[in-house]
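Asks: One structure coming up, written as structure tokens, with questions to follow.
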Amino acid sequence: MRFFPSTLCQVLLGGALLAAGCGDPSPEAAKKRLAEKNLPVDASTLMAKTKEGKAGEKDAKLLAVAGADPNARQANGMTALMSAAFNGQLDAAEALIQRGADVNATASGFTALRLAVERGDKPIVRLLLKHGAKPNLKPDGAPSALEKAQQLKDPEIAELLAKVAS
């Protein structure tokens, strides 16, 4: 019997598809896994999990896949994507973007891209740029992500941003 990778992952993981390289689970499988953990599929749970760094990343990704609002905001305006970017959650950020998160949303002078730049997180910077994040965006007159990279003297990130900005 010949297995295709996704079929093999389903057999090995009972359909949850949570192992690396197995892709995203179905929304139904994600909801089931979250129910097993007693985690409701809602914006407040998503925001809480994106704040937990790597420890909350798998759950944040599951919440995005299960249908939590990808543009959820905290009281201060920070979005789930901004929180994932700030806390180094690459997989969660990608899941949020794939489900419609606004890569150029702003809050208090920040964007997800600027937060990733401040963190020095090149993979998240690349992901956001790939999905249309604007390196020259200056929310509320704050420095843009490109300006911040130049201020932080991070030539690799500054070069990535400058290529897109031109």
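Asks: Let me spell it out: the conditions are (1) aliphatic (A, V, I, L, M); (2) more than 15 Å from the chain's Cα centre (by Cα); (3) surrounded by fewer than 21 Cβ atoms within 10 Å (Cβ to Cβ), and A30 meets all of them except one. Which number is the exception?
Replies: (3)
Asks: Mind listing whichever residues of the stretch 59-79 are farther than 16 Å from D102 by Cα and surrounded by fewer than 16 Cβ atoms within 10 Å (Cβ to Cβ)?
Replies: A75, N76
Asks: Identify all residues within the stretch 147-164 that are within 17 Å of S108 (Cα to Cα) and touching a residue at least 12 places away in the same chain (Cβ under 8 Å); write none if there are none.
Replies: Initially, the stretch 147-164 is screened for residues within 17 Å of S108 (Cα to Cα), giving 147-148.
Within the stretch 147-164, K148 is the sole residue that qualifies.
Asks: If you don't mind, there's one more thing I want to ask. Given L160, L128, which one is at pLDDT below 95, under 23 Å from A92 (Cα atoms) and out of contact with any Asp or Glu (no Cβ under 8 Å at 6 or more places or on another chain)? Write out each step before concluding.
Replies: Values: L128 fails: at pLDDT below 95.
Matching residue, one of L160, L128: L160.
Asks: Can I ask one more? Considering only the stretch 1-100, give the helices (runs of 4 or more DSSP H) lying wholly within it that have at least 3 residues that are at pLDDT 95 or above.
Replies: Details: elements: 5-13, 27-36, 43-50, 54-66, 80-86, 90-98.
Filter on the stretch 1-100 gives 27-36, 43-50, 54-66, 80-86, 90-98.
Asks: Let me ask something additional. Residues to consider are A92, A105, A84, A101; find the one that is touching a strand residue (DSSP E or B) at 6+ places or on another chain (Cβ under 9 Å), closer than 26 Å to S26 by Cα, of a type in the set (A, V, I, L, M) and buried (at least 18 other Cβ atoms within 10 Å of the Cβ). Give the derivation first.
Replies: On the way: A92 fails: touching a strand residue (DSSP E or B) at 6+ places or on another chain (Cβ under 9 Å); A105 fails: closer than 26 Å to S26 by Cα; A84 fails: touching a strand residue (DSSP E or B) at 6+ places or on another chain (Cβ under 9 Å).
Only one candidate passes the filter, namely A101.
Asks: Does any residue of the stretch 117-127 turn out to be crowded, with 22+ Cβ neighbours inside 10 Å, outside any loop (DSSP other than H, G, I, E, B), among the basic types (K, R) and not assigned by TED's automatic domain parsing to the domain that holds D42?
Replies: no
The values are calculated or read from the model by the stated rules, or taken from the named source; none is laboratory data. Just so it is clear, the model here is predicted, and its values are computed rather than measured. Note that each Cβ is placed from the backbone with ideal geometry, even for glycine, and that neighbours are counted across all protein chains shown.
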